[in-house]
1. Of A:S72, A:S224, A:S254, which is the most mobile in a GNM of chain A whose springs link Cα atoms less than 10 angstrom apart?
2. Percent relative contact order of chain B, based on C-alpha pairs within less than 8 angstrom and at least six residues apart?
3. Distance from a point 7 Å along Cα→Cβ of B:I313 to each backbone N in segment B:123-138: keep the residues under 15 Å and list them by number.
4. Which distances, in nm and shortest first, link the A:Q140 label point to the same label point in every other copy, taking 7 Å along Cα→Cβ?
5. Would you mind listing the distances between the B:T179 label point and the same position in each other copy? Use 7 Å along Cα-to-C-beta, nm, one decimal, shortest first.
6. Which residue fluctuates the most in chain B, going by a Gaussian network model with Cα springs under 10 Å, if the choices are B:G82, B:G26, B:G199?
7. From the P(r) of segment A:152-210, can you give the percent of Cα pairs sitting at distances over 18 Å?
8. For the pairs B:K88/B:K304; A:K164/A:K330; A:K91/B:K288; B:K37/B:K60, note any where the Cα-Cα span goes beyond 26 Å.
2 protein chains.
Amino acid sequence: MKRITIYDVAKEADVSLATVSRVINGSEVVREDTRIKVQEAIEKLGYKPNAIAQGLALQKTTTIALIVPEASFFYTGQIINGLIDVAKIYKYNIVLHTTTEGITEMNDIIETIIKSRVDGVVIFNDKLCKDELNTLTRYQVPIVVIGNRMSDETIGSVYVDYAKLIYEFAAQYLEKGITDIALIEDRKNPAMLKQLNDGLQHAMEDKGLTFDNFVEIPKEYRSSYLYLKEYFKTHKHQLVITYRDSQAMAVLNSAKENGLMIPDDMEVVCILDSKYNAMARPQITGFKIPDYDLGAVAMRVMTKMLKEDDEVIDKEIELSYIYTPRQSTK
Amino acid sequence: MKRITIYDVAKEADVSLATVSRVINGSEVVREDTRIKVQEAIEKLGYKPNAIAQGLALQKTTTIALIVPEASFFYTGQIINGLIDVAKIYKYNIVLHTTTEGITEMNDIIETIIKSRVDGVVIFNDKLCKDELNTLTRYQVPIVVIGNRMSDETIGSVYVDYAKLIYEFAAQYLEKGITDIALIEDRKNPAMLKQLNDGLQHAMEDKGLTFDNFVEIPKEYRSSYLYLKEYFKTHKHQLVITYRDSQAMAVLNSAKENGLMIPDDMEVVCILDSKYNAMARPQITGFKIPDYDLGAVAMRVMTKMLKEDDEVIDKEIELSYIYTPRQSTK
DNA sequence: CTGAAAGCGCTAACAC
DNA sequence: GTGTTAGCGCTTTCAG
């Protein structure tokens, strides 16, 4: 099948290509019968407008780029889902970029993004440097950041205040006299870790204490499980806080196997709740983070930034979490 | 910053735009000093070639579309990771489409894909109809299907033979005289289910038996857990087979709470292994499916199909699984 | 209400 | 080696 263009349709319908263009774009000014004539030609030829050519002519691609660390974590998946679902509503396409360590230079991604002339980019990335944002800004690409609070002429953000989350949570425990609180984490996500650290620190300081119970574990489940199995032979805390579900499970399994009863001997909480937390035994307490909404709202903010009218919009949107107590805390 | 084009660079470097085009595309024929001159102009102006315009001129977009059911399952995530990683090597962009139930019509996706003139599409979708493939084929879009075996002039596929997998597995058990085998599954993925069913049926028939132990459970963990908690009050099998990790865990938890010991009273196996299977207690036996590779190989097949030379390529690629025994089977 | 023509930014013959 | 020019397929004034 030969590539069929607007020109073929024009000939078939015996009108000019301008008219065809008008009916494609739903212009009001076309007379009913010529519209029908054109529609039929389109149908007959199986014509589909070339979005690339449209993009060139209109100087916009109706696609936005999404940068995530990697696609396989449940919450990144959810963010992608949310983002795509609302992108669909506004007819935007999503081109996905991952910043897999060792495989991709962030710079390369930014480079291809600029070349591809996307209308905007949504970034959910942990180690996100100001540099990258700057070059994007230089090329006037609107940005929405997921996870870090910030805003600017062309930057918006959607985030959860983890510092506050952990502060409030820890404060409760400290209030009850429980002060041996440990944070068990790899350093995969420095920005997040900083927030958690700050919040915890803050809570401790309010009680005249200092926080120094940070336990660094390996990045993968298996090795952290083994690591912790050793660790809990000689250590124990009143409360252990982890970030991801797999980390909480490593704690759970290794502690149990060292004879520690959860939650009686030690309480465990996982910041980023997931369905797997409810499948573990004991079920793990967590905070429901609105991951799907982070994506959805980010995309919504993006569409607003992309609209021409200068309606004032809120460029920093904080989403809230829901404490979800289960069996791993008292 | 004004949009800067190849023309600006040409003026700045005092050459024609053809020359600029040549250096952008690494043409050999440019003299060294003019190349440098142009490079400097590009640098100075911060010029980035417009991929849209290139796409128009070259009749190719260097982007391929990926269709998945939804992004949040671990294995879809892995497929995406694999696909993107190799796409990166060949400089392809990935635009991601999800077929979330109720939100998207498959037809709409196909429509936007055709309009966006991607160079190819990779489909990992369960309820994938021949219809959609046909319209894609009609517009001569090369296709690689993940998960179902098929091939054609413009269609390739990468898959795992689940029928064989389950056949071989079940045959072993039947050999030992274990015949009360149940398949516990929702009907989210009919194509997959059919394969499993066929394989199991086949194995049973080889022993002069028939398979009729299909137990349909709800699609979400929580409800299937509750469903099974009732079910195991009055039922019990020698071997239970599930598809996804969450289903296996629902079985595990509900069975345990009904006093069934795993694996002594009942063995459990999960077709699609995941890291969570190793976190459960008892740890769940499964089959490592090369999800990352499914994505990676699919993309590799795609690049081969896209190459001009008519090197004969294998368009049906079967990947293998690895049986991973853990504690939930004897 | 419809058509003619310029332009979006780039590539690829074809000249020179 | 480098420049000229004709597209790639579509949108959008500007006339009529």
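All of the numbers you see were taken from the coordinates with simple rules; none came from a lab. Keep in mind that this is a model prediction, so the values were computed, not measured. FYI the Cβ positions are ideal-geometry reconstructions off the backbone, even for glycines, and counts take in every protein chain you see.
1. Highest fluctuation of the listed residues: A:S72.
2. 17 percent
3. Counting only backbone N, you get B:123.
4. Copy-to-copy label distances at A:Q140, shortest first: 3.7 nm.
5. Distances to the matching label points in the other copies: 6.9 nm.
6. B:G26
7. Everything past 18 Å amounts to 40 percent.
8. Too far apart for the 26 Å limit: A:K91/B:K288; B:K37/B:K60.
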